[in-house]
Amino acid sequence: MFVDRAKIHIKGGNGGNGAVSFYRAKYISHGGPDGGDGGKGGDVIFEGSNSLNTLIDFRYKRHFAAENGTDGGKRNCTGPDGKSVTIKVPVGTVVREANSGKVMADITRDGEKKVIIRGGKGGRGNQHFATPTRQIPRYAERGKTSREYDVILELKTIADVGIIGFPNVGKSTLLSMVTNANPKIADYHFTTLSPNLGVVQYKKGETFVMADIPGLVEGASEGVGLGHEFLRHVERTKVFIHVVDAAAIEGGDPIDSVKKINAELEAYKPDLLKRPQIIAANKTDIPEAEENVQRLKEYFEPLGYEVYPISAASNRGLDLIIEAAARKLRDYPADITFDEDFEEYQEVQLDNEPFTIEVIDGNYYSVTGVGIEKMMGYTNIDTEKGFAFFQKYLREKGIIDALEEKGIKEGDTVRIYDLEFDYFK
Ligand SMILES: Nc1nc2c(ncn2[C@@H]2O[C@H](COP(=O)(O)OP(=O)(O)OP(=O)(O)O)[C@@H](O)[C@H]2O)c(=O)[nH]1
Ligand SMILES: [Mg+2]
């Protein structure tokens, strides 16, 4: 089965909580704080793989969660980090956030890894919160929660080479002869309803992926039948083998047939006609084909198309056409792009991250938040100017208002990471 879209749920690991604990030993009544830090939560990572060609695996497994970090323990024990989860996807997969449609990753190379969700940081244990005036900190930081998303995976590239052409011309037969694929072949139209993929092995160890793309008919570009669906598949292959029935079993002129399909490609997206295209004049085991092969060559070769006489059913001329396709792939390393621009995805906008206020002991307030932590990092609070700047920041971010809402009174203590001060209006 061919699957080129899937919806899955991914979740990063939460950070473990820091521990509140005090050193205890015989003869020591008041030991210092020794609560360990929580471990970091695991990340969610996507990795490109050339050995996958479809998203079929995601029909069966749809939930992926990284492990949470473990809470810190007594005696300065740091909790172990949670394990990350790595999700392998075919090269050419685009990962989108389901609600906004924003692109989170565009995986274009084998082995390429992208971290989509970072695990939450572990909380710090109470040993970090002792100060000269507060020797018994009954407070430890909570681990940061990570994020979770529904994401849509979508294959941008489905194959290197696409086999196109009208129904019944022998596309599936060709695929079955040159690859490991086993498509249904029959003497009526639309035997194939969705692309079949197969791997072509030519020469020593060299391979490429080939797709048999059905459903192209006159009017496909106007959406006749599932026209657009099929054209979307065509769009996601780099080189086309255009199969035409040179024996014209169903009547009609093979030159016209090729022109009609190309007119559909052009109407859908003019760029498609710029992709390398090889014409496979099929069914040459039937004597009537001979004359048409000549005509096809005379017409299309001057236009820059290579024309190869083949008989897919009796395996004639197939080596040459595979070689030609491989050569085109090498010469035109097409980078398939989607219509829209890929903005690099920003996982979290740190500065918008809200802060958290915890009320401890009634007159002791702890403020945490990624933005505040960053601000603390580049402000020298010890200088008068620095402190004034920091106060302004607290006011502007609404942190002072929030503290007052929580009921802070003059003289209460505020703790912001390593800074502790008494609150006065
Ligand atoms: N004589 C002859 N018949 C062939 C050749 N290749 C395919 N056929 C026959 O043509 C018919 C259609 O072949 P398919 O491979 O199913 O054609 P298709 O293009 O995949 O058709 P759809 O899936 O309907 O689009 C079958 O009866 C095949 O046996 C060939 O080289 N010579
Ligand atoms: Mg078919």
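Tell me the strands (runs of 3 or more DSSP E) entirely within region 1-116 that contain at least 3 residues that are closer than 24 Å to residue 194 by Cβ and within 23 Å of the chain's Cα centre (by Cα). Outline the logic, then answer.
Values: elements: 5-11, 44-49, 63-65, 85-90, 93-97, 103-107.
Strands (runs of 3 or more DSSP E) meeting the threshold: 5-11, 85-90, 93-97.
Condition check: within 21 Å of residue 318 (Cα to Cα), among the aliphatic types (A, V, I, L, M), touching a strand residue (DSSP E or B) at 6+ places or on another chain (Cβ under 7 Å) and away from ligand 2 (no atom under 15 Å from the Cβ). Does residue 296 satisfy that? Steps first, answer last, please.
Values: within 21 Å of residue 318 (Cα to Cα): yes; among the aliphatic types (A, V, I, L, M): yes; touching a strand residue (DSSP E or B) at 6+ places or on another chain (Cβ under 7 Å): yes; away from ligand 2 (no atom under 15 Å from the Cβ): yes.
Yes; evaluated as a whole, the condition is true for this residue.
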Among the listed residues 109, 124, 118, 147, identify the single one that is closer than 27 Å to residue 15 by Cα, touching a strand residue (DSSP E or B) at 6+ places or on another chain (Cβ under 8 Å) and either away from ligand 1 (no atom under 16 Å from the Cβ) or not aliphatic (A, V, I, L, M) (or both).
147
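Tally the residues that are more than 9 Å from ligand 2 (Cβ to nearest atom) and out of contact with any Ser or Thr (no Cβ under 7 Å at 6 or more places or on another chain), restricting the search to region 170-188. Spell out how you get there, then give the answer.
Kept after step one, since they are more than 9 Å from ligand 2 (Cβ to nearest atom), are these residues of region 170-188: 174, 176-182, 187-188.
Next, only the ones that are out of contact with any Ser or Thr (no Cβ under 7 Å at 6 or more places or on another chain) stay: 174, 176-181, 187-188.
Number of matching residues: 9.
Results for (1) farther than 30 Å from residue 359 by Cβ; (2) out of contact with any Asp or Glu (no Cβ under 9 Å at 6 or more places or on another chain); (3) among the acidic types (Asp, Glu), shown as yes or no for each residue.
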{"position": "109", "(1), (2), (3)": "yes, yes, no"}
{"position": "112", "(1), (2), (3)": "yes, no, yes"}
{"position": "118", "(1), (2), (3)": "no, no, no"}
{"position": "125", "(1), (2), (3)": "no, no, no"}
{"position": "138", "(1), (2), (3)": "no, no, no"}
{"position": "150", "(1), (2), (3)": "yes, no, yes"}
{"position": "158", "(1), (2), (3)": "yes, no, no"}
{"position": "165", "(1), (2), (3)": "yes, no, no"}
{"position": "170", "(1), (2), (3)": "yes, no, no"}
Identify, please: which residue in region 167-202 is of a type in the set (A, V, I, L, M, F, W, C), assigned to a loop (DSSP other than H, G, I, E, B) and more than 7 Å from ligand 1 (Cβ to nearest atom) and is, among those, surrounded by the fewest Cβ atoms within 10 Å (Cβ to Cβ)?
193
For region 273-308, name all the residues that are buried (at least 16 other Cβ atoms within 10 Å of the Cβ) and free of Cβ contacts under 8 Å to residues at least 24 places away in the same chain.
297
Among the residues of region 36-60, count how many are at pLDDT 90 or above and either touching a helix residue (DSSP H, G or I) at 6+ places or on another chain (Cβ under 7 Å) or of a type outside the set (A, V, I, L, M) (or both).
13
Pairs returned, first residue in region 1-22 that is hydroxyl-bearing (Ser, Thr, Tyr), second residue that is open to solvent by 40 Å² or more (accessible area, probe 1.4 Å), beta-carbon separation under 6 angstrom, 6 or more apart or interchain, are 21/74
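The values are calculated or read from the model by the stated rules, or taken from the named source; none is laboratory data. Everything quoted here is computed from the prediction, not taken from an experiment. Cβ sites come from the backbone with ideal geometry, for glycine too, and all protein chains shown count toward neighbours. Side chains are part of the model used for accessible areas, which takes the heavy atoms of the whole protein and leaves out ligands, DNA and RNA. Shrake-Rupley method; radii C 1.70, N 1.55, O 1.52, S 1.80 Å.
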